[in-house]
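The values are calculated or read from the model by the stated rules, or taken from the named source; none is laboratory data. Because the structure is a prediction, the values reported are computed rather than measured. Here the Cβ positions follow ideal geometry from the backbone for every residue, glycine too, while neighbour counts run over all protein chains shown. What goes into the accessible areas is simple: the full protein's heavy atoms, side chains included, and nothing from ligands, DNA or RNA. Shrake-Rupley method; radii C 1.70, N 1.55, O 1.52, S 1.80 Å.
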Amino acid sequence: MSSHSLAGAVRSGAGSAPRARKAGKGVHRSQITGLVFATPAIVLVAVFVIYPIVGTVALSLTDWDGFSPTRTFVGLQNFADILADGTFQASVVRNLIYIGGFFVSVVLGFAIAVLLWVRPRGWVVFRTVFLIPEMLGPAIVGLVWLRLWQPANGGLAALGDALHIPVLASSPLASPGGAIWVLALTQVWASTGFFVVVALGGLQSLDPSLLDAAAVDGAGRWQRLRYVVIPSMRPFLALMTMLATIAGLKAFDLVWVMTQGGPGNATQLLGTYAYTKAFSQSDFGHASAIACVMVLIALAFTLLTGRRNVRDS
Amino acid sequence: MTAEIRMPLRRRGRPRELSRDTIRFAPTWLSYGLMIVFFLLITLPLLWIAMTALRSPEAYAQNPVGGFEWRFSNFADAWNTANFSSYVPNSLIYTGSVVVLVVAIASAAGYGLARFRFPGRLAMMLSLVVALTVPFSSIMFSVYDVVQFFGLINTRAGIVVVAVAMTLPFATFYMRTFFLGIPDELAEAARIDGAGELTVFFRVMLPLARPGLATLAVFSGVWTWGMYIEPLLLATSDDLRTVSLGLSFFTTEFGGSNAPLICAAIVTIVAPLIVVSVLLQRRFVEGMTNGAIK
């Protein structure tokens, strides 16, 4: 699931509270109808998303290889183990670097949106092209860039040789130190266009007469940007940052098609490390403990943004 | 600075012109320069893939970046070697089923949550919010258990139902927002005329929500088409793989030995996607901006 699944929903939770209260006033209306309409969606989400959250917590308290019928209860041992596991700690750090890649996308996306705001001739062409990576999806983007970064005979290694750029020629995707940065950079390529469009949507809601007023008062370009545009866009920047963080936490497809967490464990993020623990090492207990940490972070974020939405409205 | 101060004075009385100038944050040449740089950063890698797709493996091995040929046989080879004749229909089946189910279920739920108050409504909204942020990779082991419980491992139905459930939280909120924007008086008028709740929904509300349904269909379609981890987890059989997943397995198999073949496979998948994305981009952009503002 892509990162943007949050864009609408987070906002919709915020703006609609007063109107929802009005919804109860209808005449000739059976309120049970609403329950009937909502039931199919709720049942599916409860069975395939909410229950698995509980199931993951339960699994994290056991020692299970994925095959045997018995799941031994081990209490919080799995959590103690992963917290002491160097690869897990490094995965947390790498996941933060990866989220950093998304943040770069947010900043770049916002900057490009500001430049596209005046709708220069041909801007729709640019917007369309910037959205291509989003349309391809993270797995296909990963496969495209894998061709370019391929250590043995990839395009960028050859280009680095030809132009004498040592960083490219040394195939950083194959080096334990460089690979995570290559992935983060690829993610910037993949997600910047999405943030351009989100930021453009935000800028459209900004009243340009504010900027006119500032200009009449003598504010230059930089001052208008610094003191008018950025402060009025703060809710949008917060939303984009939140989307970036959650998307970085969810990251799997792009990393998995490019490195499967390798070389060694050098590009394991939380999601890929959990997957590796479970399916390569048949260690579902520790895998679920890592998964629980991810769920906890996601829930903490839901709470934080939920509170901000309440404050906004 | 002086230029900026003088400019508004000179244009006094023409506020529209002023706005266009005050939202210009870089000289035109600089804006275009940066846009063209970003444009090339997006397109050059894709063009390199397309160029490589037309070369022979031998020529590629000698020089991966230079050289040009017209070897169209790579495409036929890629199509015949990779199991595309099963991946493409699979992705079409998954995408079609998920779009239809998500649009149907989410519009009903969005309407129910927007327009009615009933016991458990808050709990439902809360679980949808939680479901919205939880990464699939963090619940996948337990999802596997549930799918196995229903006997749906290694079936198309299993993949579709999980994809639907993962898309529903966003889809429901999106449709709820849309229904909140439609005046309730229309539904009231229909009720006073004696329409039942189903009639109100199908004959009054759904037609009014058509633009929202279209945008939601595009979103869920794009996501489902790109779906990777769900079929990776839930299907071991090659016959059930999606285009992304199949392409990734194909790459792993032939990646080292025959780069042009892989690139031909990538072009086969990416070229139609780019055409579709150009056609759908307006709907996509509208959905993103509307969803984010409301």
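Tabulated values for the structure
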| quantity | calculated |
| --- | --- |
| Scan of the range A:134-172 for residues that are at pLDDT below 85 and either charged (D, E, K, R) or under 16 Å from B:Val270 (Cα atoms) (or both), ordered by number | A:Asp161 |
| Lone unmet requirement of (1) in a helix (DSSP H, G or I); (2) of a type in the set (S, T, N, Q); (3) surrounded by fewer than 20 Cβ atoms within 10 Å (Cβ to Cβ) for A:Gln281 | (1) |
| Residues (open to solvent by less than 20 Å² (accessible area, probe 1.4 Å) and touching a Gly at 6+ places or on another chain (Cβ under 9 Å)) located in the range A:106-124 | A:Gly109, A:Ile112, A:Ala113 |
| Sole residue being open to solvent by less than 50 Å² (accessible area, probe 1.4 Å), in a helix (DSSP H, G or I), at the interface with chain B (Cβ under 7 Å from one of its Cβ atoms) and in contact (Cβ under 8 Å) with a residue 40 or more places away in the chain, chosen from A:Leu203, A:Leu225 | A:Leu225 |
| Output for the range B:109-136, where each listed residue is part of a helix (DSSP H, G or I) and open to solvent by less than 10 Å² (accessible area, probe 1.4 Å) | B:Ala109, B:Gly110, B:Tyr111, B:Gly112, B:Leu113, B:Ala114, B:Leu128, B:Ala131, B:Thr133 |
| Qualifying helices (runs of 4 or more DSSP H) (wholly inside the range B:137-231; at least 3 residues being out of contact with any Gly (no Cβ under 6 Å at 6 or more places or on another chain) and either open to solvent by 50 Å² or more (accessible area, probe 1.4 Å) or of a type in the set (D, E, K, R) (or both)) | B:184-192, B:210-225 |
| Residues of the range B:140-165 classified as over 22 Å from the mean Cα position of the chain (by Cα) and hydrophobic (A, V, I, L, M, F, W, C), total | 8 |
| Selection count, the range A:43-93, where residues are open to solvent by 30 Å² or more (accessible area, probe 1.4 Å) and not in a loop (DSSP other than H, G, I, E, B) | 24 |
